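Everything on this sheet refers to the single structure shown next.
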Amino acid sequence: MEFERCIGCEACREACPNDAIQCEEIDKVDTVKIFVEGMEVEVPRDITIKDALQCLGYSLTVFPFEKAMYFPCRTGGCYSCLVSADGRFVRACITPVRKDMVIRLDEEKPVKRIVSEPEGHSVGGVGTPWWVKGKGRAVEVAVWVAGCNLRCPQCQNHNVTYESKAKPLTPEEAALKVSVARKKFSVDRMAISGGEPTLNVKWLLRFFKELRKINNDRKARLHLDTNATILDKHYIDLLVEAGMTDIGPDLKGAKAETFMKITGITDRNLAEKYLNNSWETVKYVVDRYQGKVFIGVGVPYNSFFMDKHELREIGDKLVSIDEKIQVCVLDYYPVFKRRNILRPTLKEMMEARDVLLESGLKTVLAQTPIGHIGP
């Protein structure tokens, strides 16, 4: 979004690849009058609606099923924080308050989100079964959605993750595009990745339901790649009911310190909750939906933020869940803001794969500079 003055939302700073943008210090002495749910209040001028609500005592959260105002991405991509302002729906995380603005929080809001154009994918994601990879042609069609709750300095999809200006789509519009692309590429697999797809709950559930409605044949596979940080049992059940058949959660470490290095999350308590949710997601899907939902786990690796001992710990924990679970060790390397690490070599990635195999895992792939190797 472009405004006459900085409003301190930090969306542009988060999206700047080289940390070159600095946000202005907002003067919170000068105030404006606004109306929230019919009540006249004064808040600092040139701040976001989100920050104004926080100033007024509204509780904010990054978890979708808590009783609080939900602001998961805070950069305008996921459209989860729509509110009615002066009769139109706006994103509260990047929209500034205006004098005499009338804000309503109880109105039914549209369900939409910024989504990339569908593309054919010859490898797929971590939730793509190994036996369909490496066919030399597209094995699935995929879309990527804007907005993420993490701030990974090596984000390899940052151009999509921090997109906030593109026209958003309804779930039905996106599902139709994907379905058309499925026919174009002659595939049965349809995937969604990001950014983080799970942030906008209503959008994702309706997207899967519409995909299933259009693609009601038995061959159709609906694949979610996710960081799994906000998933819980209830949300997973809803996704399966909506039509999800495949899931690829990432496990960004066994320790909170490692998770914080990889994701850029600086709040340790939040990092621990995010990491625990991702592990619980893997266990719940295996225990509850084995044979019904295919699961493939991604494990990011670079010696810069994880040693072989922790990698072995991850392997041991996964074996305790299911030794046959598909695991892909991912070579994380400097893209976006992190410039001070090197891409793991082929030798390093093969050694990382060996560590996971030695833990007792039966199906391990390695993402390497020359492509996927294994199982």
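The values are calculated or read from the model by the stated rules, or taken from the named source; none is laboratory data. None of the values given here were measured: they were computed from a predicted structure. Methodologically, a virtual Cβ is constructed for each residue, glycine included, from the backbone with ideal geometry; neighbour enumeration extends over all protein chains shown.
Points to keep in mind about this one:
- Test result for Ile247, at pLDDT 95 or above, in contact with a Leu (Cβ under 7 Å, 6 or more places away or on another chain), under 17 Å from Asp225 (Cα atoms) and not basic (Lys, Arg): yes
- Among the residues of region 117-150, those identified as surrounded by fewer than 22 Cβ atoms within 10 Å (Cβ to Cβ) and more than 20 Å from Val297 (Cα to Cα) are Glu117, Glu119, Gly120, Lys135, Gly136, Arg137, Ala138.
- Residues that are aliphatic (A, V, I, L, M), under 18 Å from Arg91 (Cβ atoms) and assigned to a helix (DSSP H, G or I) within region 132-173 comprise just one, Val160.
- Qualifying position, being closer than 29 Å to Glu163 by Cβ, crowded, with 16+ Cβ neighbours inside 10 Å and of a type in the set (Asp, Glu), among Asp322, Asp331: Asp331
- Complete set of residues in region 32-81 that are under 21 Å from Glu108 (Cα atoms) and either among the basic types (Lys, Arg) or out of contact with any strand residue (DSSP E or B) (no Cβ under 7 Å at 6 or more places or on another chain) (or both): Gly38, Met39, Lys50, Val62, Phe63, Phe65, Glu66, Lys67, Pro72, Cys73, Arg74, Gly77
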